[in-house]
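Beneath this line is the structure, given in structure tokens, with notes to follow.
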Ligand SMILES: C[S@@+](CC[C@H](N)C(=O)[O-])C[C@H]1O[C@@H](n2cnc3c(N)ncnc32)[C@H](O)[C@@H]1O
């Protein structure tokens, strides 16, 4: 990314997530149910034990870190990184001093020491990255993991290929630089990331686009896109989203 593109990218993302942060936690449980969110966080934190260190990339309002505090009882170093000051403000009020919060852009590198984390998580972040930043993110995470450590990522994607889904992808990319890859493409990309052992992906359908279409969320970006798709004569119900769960380890002894 050039310096100018980098500045534009940061400004755009901060503005999108600054807007989203106004009702972030309320909207999240309307996009995806509270139960589904809790299950995703539980899955991501599966390998976390008291005394193990965690880094959450794109930590948003700090919900995952809050769960991590409860699981580890003050025995672990917990760190969150996010690009958007408004999101970090929410996380600060959620976490107080229970976790270290860092402002940063994962597309520009990860400002932590090599092999300093046992678990790195990222929920709903990878779709925000420029295409060329995804492999460097995985390289960076691998570098930060201790041998035997785990990276767990939950990544929104498109469940099905059709004309409405393709328009949704194009409009999300053009308006907010979000890249909702098709599930099969995303799986292939993730399974090709070098270094990780025991890598796996699992796909689950998501209610996010369908619930946005109902218009019950305050963050109207996706409802607006679905409205535009409808006005072009297509059925917005054809826009089906999903999530991919990626898990991979740094080999012991590596
Ligand atoms: C969809 S939210 C997800 C937040 C949280 N992980 C969750 O699941 O609720 C995406 C988050 O990633 C952050 N973000 C977007 N691009 C980023 C980047 N390049 N570097 C760091 N954080 C980024 C946004 O500020 C936002 O808080």
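For the reader, a short list of remarks on this structure follows.
- Restricting 48, 57, 64, 4 to those that are at pLDDT 95 or above and farther than 28 Å from residue 210 by Cβ reduces the list to 48.
- Selection of first residues in segment 183-199 that are at positive phi and of second residues that are surrounded by 13 or more Cβ atoms within 10 Å (Cβ to Cβ) and in a helix (DSSP H, G or I), restricted to Cβ pairs under 7 Å at least 6 apart or on distinct chains, gives the following pairs, ordered by first then second residue: 195/142.
- For segment 83-118, filtering for residues that are under 26 Å from residue 12 (Cβ atoms) and in contact (Cβ under 8 Å) with a residue 60 or more places away in the chain leaves 10.
- The residue that is surrounded by the most Cβ atoms within 10 Å (Cβ to Cβ), among those in segment 57-85 that are more than 22 Å from residue 134 (Cα to Cα) and within 8 Å of the ligand (Cβ to nearest atom), is 61.
- Condition check for residue 163: without any contact (Cβ under 8 Å) to a residue 12 or more places away in the chain and surrounded by fewer than 18 Cβ atoms within 10 Å (Cβ to Cβ): no
- Of everything in segment 93-111 that is more than 9 Å from the ligand (Cβ to nearest atom) and touching a strand residue (DSSP E or B) at 6+ places or on another chain (Cβ under 6 Å), the residue that is farthest from residue 136 (Cα to Cα) is 99.
- Residues being crowded, with 20+ Cβ neighbours inside 10 Å and assigned to a helix (DSSP H, G or I) - total across segment 141-160: 3
- Checked across segment 177-189, the condition of being modelled with pLDDT under 95, in a helix (DSSP H, G or I) and more than 16 Å from the chain's Cα centre (by Cα) holds for no residue.
- Just one of the listed residues (33, 21) is more than 30 Å from residue 148 (Cα to Cα) and more than 10 Å from the ligand (Cβ to nearest atom), namely 33.
- Positions within segment 87-140 being within 28 Å of residue 188 (Cβ to Cβ), assigned to a helix (DSSP H, G or I) and under 14 Å from the mean Cα position of the chain (by Cα), in sequence order: 106, 107, 126, 127, 128, 133, 134, 137, 138
The values are calculated or read from the model by the stated rules, or taken from the named source; none is laboratory data. Being a predicted model, the structure only gives us computed values, none of them experimental. We place every Cβ from the backbone using ideal geometry, glycine too, and count neighbours over all the protein chains shown.
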